[in-house]
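So the structure is just underneath, and the comments pick up after that.
The values are calculated or read from the model by the stated rules, or taken from the named source; none is laboratory data. Everything numeric in this text was worked out from a predicted model, so none of it was measured. Methodologically, a virtual Cβ is constructed for each residue, glycine included, from the backbone with ideal geometry; neighbour enumeration extends over all protein chains shown.
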Amino acid sequence: MQNKPNDHYLQNANGQFIDENGNITSYKKWRPTAPPSSYSGDGYNVKNRLNDMFTRLNRGVDIINENGEVFPFISATAGAMDPVVNAAKNASGLDWITFLSKKFMENETQSYRDVLMSHPMLTNAKFTEFGIEGYPPIYGYKYSESRKINSLINNQYYSTASVYTRWPSNWRNWTSAWHGWQWVVESRVNELAVNDRLFSPFVAAGWDANEEVNVRPAQWLGLMKCLGMSGAEFYYASFFSLGAPWPDSKNWIWQASIPSYAQAITSRYEDFLRNGSLLDGDVANSYINPTAPGYSFWAGDLRKLVIVRKHNTINKFAITGTLQPNTNIAGSTETESVAKIVLEGQNISFKVRRQGNTYIYDKSNPAAPVFYQLDGWHENTHPSRWSKDFNLESELLITQTLR
C-alpha cells in the first residue's frame, strides 16, 4: 500500500523513505510502529467475502489457513536508521530481531487475523498462516514471536513450514524456496526449543509438466513418513500449475493422497506422537555450521534417512527409515536396502525401502524385546497400481487338553 500517511512508512533521520534494507527508495515500505488498525482493510474484505461462502455452506468451519504475505521483513539496519522505530525498540528493551518479530506478529494478528476470525461462523475455528516456521531468524522473523499468529492446537503452536522438494536430488538439502529435509531439521530445532512438538507442513513433490522430473510416489511417501516421525501430525497437500501446458491430473493427483497414507501410519503409533520425544540422532543439524544433533541417525549411506521417537514413560521406540533416490533414472537406485544405526549404544539393523519402513521396537521387557513393522503392505509404485490383495498376520491361541 502506498496511500497511507507518511508516518506509516520507514524513513531515515532526514525524512527520506527507505526500504527494508535501509536504501533510499521511492517505493514506501511498512513502518513496524504503524498502528495495526490502519491495515485492517484486507481483513474486513475477506470477512465480508466469507458471507457468500457461508450462505452456501450453511455451517461453520474448523480451520482457516491464510497465505499471509503482507508485511515485509524489516532488517535491523533499516530499523536503526528510522528514528521512530529505533526509539520504540530501545523503549521495549528487546533486541532487534525480537522487537521486529513482535511488531510483525502484532500487526499480522490485529490487522488481519483477528478481523477475519471475528466472523460469527468462525467462532470455534482455528487460524493458521503459511510459512510460520522455526528456520533461523536470518531468513525472517523470530519463531518464538511469529508462532503466535497461529491459533493454539493441542495447547501448542503448529509451524507451517513448506517442504516443496520438487526434484529427487533436492530431498536432503534445498534450492532457493524448494525445501528438503535439512530445512525441516533447522526449523525443528527452534520449534522444539519453545515446546512446539508437533507441526503441520505444506508439502509438494513437484509440479513440472514433465512428471518424470518431479519426485515420484515411492520417494515422496518415504519422505512424508519421516516428516510424520519428526512430529508432522497433518499436512497441507499442495500443487502448482504455473502455466500451459497444464500437467495431466493423473500425473499429480497422487500427491494429494500420499500424505494421507503417511498420516495413516502415524496414527498407528500415535501414542509416541503425543507421549514421546523426537530423538536427537547422531547427524548434525547443519552441514555448514553444525551446532547440535539433527534428529536423524547415520545409516551408512547418505541416501538413507532414519528418524526415531522414544516413548516418554515406556522403553519403546518408533522408527522410520527410507531409501531416498537422487535421480529418477530407472535402475539407478535399488528399491530396498539395509540400514544400520546405533540406538542408545545398541547396534541395530533393519530394512529400508524407497516408500519407507516404519517399525516399533519394544524393549519394555528386556528379556524378550519385540521388533515389528507397521507398513509392510505399502508398495513402491503409483498408489493406483497397488495390489488389492493383502497379507494378514495373526497369532492363533491353541489349547490342548491332557488326558
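I need the full set of residues from region 134-144 which are in a loop (DSSP other than H, G, I, E, B), over 12 Å from the mean Cα position of the chain (by Cα) and in contact (Cβ under 8 Å) with a residue 24 or more places away in the chain, in order please. Result: PRO136, PRO137, GLY140, TYR141, LYS142.
Only one of the numbered conditions (1) under 28 Å from the mean Cα position of the chain (by Cα); (2) in contact (Cβ under 8 Å) with a residue 24 or more places away in the chain is violated by TYR44, and that is (1). Of all residues in region 344-361, those satisfying the criterion of being outside any strand (DSSP E or B) and either touching a helix residue (DSSP H, G or I) at 6+ places or on another chain (Cβ under 8 Å) or touching a residue at least 60 places away in the same chain (Cβ under 8 Å) (or both) are ARG354, GLN355, GLY356.
Just one of the listed residues (ILE341, ILE319, ILE265, ILE307) is in contact with a Cys (Cβ under 8 Å, 6 or more places away or on another chain), in contact (Cβ under 8 Å) with a residue 24 or more places away in the chain and within 22 Å of VAL184 (Cβ to Cβ), and it is ILE307. Here VAL306 meets each of (1) farther than 16 Å from GLN182 by Cβ; (2) surrounded by 15 or more Cβ atoms within 10 Å (Cβ to Cβ) with one exception, condition (1). Figure legend. Inter-residue proximity from region 10-31: first residues on the phi > 0 side of the Ramachandran plot, second residues part of a loop (DSSP other than H, G, I, E, B), beta-carbon distance below 8 Å, spacing 6+ or different chains. Indicated pairs: GLY22/ASN12; GLY22/SER75.
For region 278-296: of the residues being outside any loop (DSSP other than H, G, I, E, B) and without any contact (Cβ under 8 Å) to a residue 60 or more places away in the chain, which is farthest from TRP183 (Cα to Cα)? Selected residue: GLY281.
Specify the residue that is nearest to PRO325 (Cα to Cα); the eligible residues are those in region 187-228 that are polar (S, T, N, Q) and more than 16 Å from the chain's Cα centre (by Cα). By that ranking, first place goes to GLN219.
Remark: pairs (first residue in region 202-214, without any contact (Cβ under 8 Å) to a residue 40 or more places away in the chain; second residue part of a loop (DSSP other than H, G, I, E, B); Cβ separation under 7 Å; 6+ apart in sequence or on different chains) = ALA209/PRO245; ALA209/PRO247.
Among the residues of region 240-266, those identified as part of a loop (DSSP other than H, G, I, E, B) and either surrounded by fewer than 17 Cβ atoms within 10 Å (Cβ to Cβ) or polar (S, T, N, Q) (or both) are PHE240, SER241, LEU242, GLY243, ALA244, PRO245, TRP246, ASP248, ILE253. Applying the criterion of at least 3 residues that are surrounded by fewer than 20 Cβ atoms within 10 Å (Cβ to Cβ), out of contact with any Gly (no Cβ under 9 Å at 6 or more places or on another chain) and modelled with pLDDT of 90 or more to the helices (runs of 4 or more DSSP H) found wholly in region 45-133 leaves 83-92, 96-108. For region 214-232, the condition of being touching a strand residue (DSSP E or B) at 6+ places or on another chain (Cβ under 7 Å) and either modelled with pLDDT under 95 or on the phi > 0 side of the Ramachandran plot (or both) holds for at least one residue. Please identify the pairs in which a residue from region 90-114 that is under 28 Å from ASN65 (Cα atoms) and among the aromatic types (Phe, Trp, Tyr) has its Cβ atom under 6 Å from the Cβ atom of a residue that is surrounded by 15 or more Cβ atoms within 10 Å (Cβ to Cβ) and modelled with pLDDT of 95 or more, counting only partners at least 6 apart or on another chain. Here the result reads PHE99/LYS89, each pair linking region 90-114 to a residue that is surrounded by 15 or more Cβ atoms within 10 Å (Cβ to Cβ) and modelled with pLDDT of 95 or more.
Note on region 209-225: residues that are touching a Gly at 6+ places or on another chain (Cβ under 7 Å), outside any loop (DSSP other than H, G, I, E, B) and among the hydrophobic types (A, V, I, L, M, F, W, C) amount to 2. For region 172-209, the set of residues classified as surrounded by fewer than 22 Cβ atoms within 10 Å (Cβ to Cβ), at pLDDT below 95 and at positive phi consists of SER176 only. Selection of region 326-367 for residues being of a type in the set (Phe, Trp, Tyr) and crowded, with 18+ Cβ neighbours inside 10 Å yields TYR359, TYR361.
Across region 364-401, the qualifying residues are those that are aromatic (Phe, Trp, Tyr) and assigned to a loop (DSSP other than H, G, I, E, B), and the one among them that is modelled with the lowest pLDDT is PHE390. Scan region 282-290 and give yes if some residue there is closer than 17 Å to LEU374 by Cα, in contact with a strand residue (DSSP E or B) (Cβ under 7 Å, 6 or more places away or on another chain) and not hydroxyl-bearing (Ser, Thr, Tyr), otherwise no. Checking region 282-290: not a single residue is closer than 17 Å to LEU374 by Cα, in contact with a strand residue (DSSP E or B) (Cβ under 7 Å, 6 or more places away or on another chain) and not hydroxyl-bearing (Ser, Thr, Tyr).
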